[in-house]
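Report on one structure; see the data block that follows.
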Amino acid sequence: SSDARDTVHAAGFRQGIAHIQHAFGKPFAAKGLILQYNLAALHRILGKVLFVHIAREPWRVAHSLLRARLAYYGDEGAWYSAKPPEYLELKKLDPAEQVAGQVICTQAAIERQFAGLPDARHLSVGFDAFRNDPAALYRRIGERIVAMGGTWDPQYTGPSNFEVREVF
């Protein structure tokens, strides 16, 4: 049955992540590019999970997507990155409208899904706040991990900030 298959897939998914955690002796972290439209299911499957959303200004993301389309495909009209549920409608628009819609739809999907999750299971931070003080986000993540019963090294050893190279 579909339910049994879903249970097996979920168990395999959890087991795969557990193996990665065991191998590295650390919590598992991943960019949720494809999974970003399925956060509720991931929460159900994983249980003790923390979703971290680093939000950039929408126009910067749209500009970056257009540049990526050109760099990767040589064509602004070729789709790049994850496809939101609205993809088929967005694909009918011109490239600038496509990326604007892609960004808006993705942000709205993340916000809707976060609204349905316990507050302790997600956090958002602006991109500029993150790049100017990554240690602050590290501390916030650590507080959430410890509150879930996990362990966390309180000593942040990363850079004090990140430079951003943007081409306009």
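The values are calculated or read from the model by the stated rules, or taken from the named source; none is laboratory data. Note that the structure is predicted; figures quoted are calculated from it, not measured. Positions of Cβ are backbone-derived with ideal geometry, glycine not excepted, and every protein chain shown enters the neighbour counts. Please note that ligands, DNA and RNA were not included when accessible areas were found on the heavy atoms of the full protein model with its side chains. Shrake-Rupley method; radii C 1.70, N 1.55, O 1.52, S 1.80 Å.
Can you tell me the relative contact order of region 1-157? Whole percent, Cα pairs under 8 Å, sequence separation 6 or more. Please list the in-between numbers first.
Details: 113 pairs, mean separation 40.3, N = 157.
Taking the mean separation of contacting Cα pairs over the length of region 1-157, I get 26 percent.
In debye, nearest 20: dipole of the chain around its Cα centre with unit charges on the Cβ of K, R (+) and D, E (-)?
Working: 20 positive and 17 negative charges, 95 e Å.
I would put it at about 460 debye.
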Here the Kirkwood hydrodynamic radius of region 55-104, Cα-based and in Å, equals 10.7
For the chain, the percent of all C-alpha pairs falling in each 5 Å bin, from 0 up to the bin holding the max distance, is 1, 7, 13, 16, 17, 16, 14, 10, 4, 1, 0
Could you check the spin-label model distance between residue 166 and residue 135? Points 7 Å from the Cα along Cα→Cβ, value in nm. 2.6
For every helix of n ≥ 4 consecutive DSSP H residues, a contribution of -39,500 (n - 2.57) applies; sum these over the chain, divide by its total residues, and give [θ] at 222 nm rounded to the nearest 500 deg cm²/dmol. -17500 deg cm²/dmol
Just to verify a number: what accessible area does residue 94 come out at with the full protein assembly present, 1.4 Å probe, Å² rounded to tens? 70
Expressed as a percent, the accessible surface of the chain that is carbon or sulfur, using a 1.4 Å probe and the full set of protein chains, is 58
Which loop-located trypsin sites (Lys or Arg not before Pro) does region 107-168 contain, where loop means any DSSP state but H, G, I, E or B and the Cβ has at most 14 other Cβ atoms within 10 Å? 165
Sequence-distant residues sharing a close amide H with residue 55 (under 5 Å, placed H): 125, 126, 127
Return P(r) of region 67-162 (all Cα-Cα pairs; 10 Å bins starting at 0; whole %; ordered from short to long distances). 14, 29, 28, 23, 6
Roughly speaking, what is the stretch gain from residue 35 to residue 75, that is 0.36 nm per residue apart minus the C-alpha to C-alpha distance, in nm to one decimal? 11.8 nm
Mind checking which lysines have their C-alpha under 24 Å from residue 83, skipping anything on the same chain fewer than 8 residues away? 31, 91, 92
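Would you mind getting the Kirkwood hydrodynamic radius of region 12-103 from its Cα pairs, rounded to one decimal in Å? All intermediate terms of the calculation are to be shown ahead of the outcome.
On the way: mean 1/r = 0.0652 Å⁻¹.
The Cα-based Kirkwood calculation yields 15.3 Å.
Rolling a 1.4 Å sphere over the protein heavy atoms, what is the accessible area per residue of the chain, to the nearest Å²? Intermediate values should be presented prior to the final figure.
Working: 11160 Å² over 168 residues.
Ligands and nucleic acids excluded, the figure is 66 Å² per residue.
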Consider just the alpha-carbon atoms of region 9-55 and return their Rg together with their Dmax, both in angstrom. 11.0, 31
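At most 16 other Cβ atoms within 10 Å and a DSSP loop assignment: could you name the trypsin sites (Lys or Arg not before Pro) in region 22-72 that fit?
On the way: sites: 31, 44, 48, 56, 60, 67, 69; in loops: 31, 48, 56.
Hits after loop and neighbour filter: 31, 48.
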Could you order 137, 93 so the one with the most accessible surface comes first? Probe is 1.4 Å. 93, 137
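For residue 157 and residue 88, calculate 0.36 nm times their separation in residues minus their Cα-Cα distance, and state this gained length in nm to one decimal.
Numbers: separation 69, 0.36 × 69 = 24.84 nm, distance 4.38 nm.
Gain on extension, residue 157 to residue 88, equals 20.5 nm.
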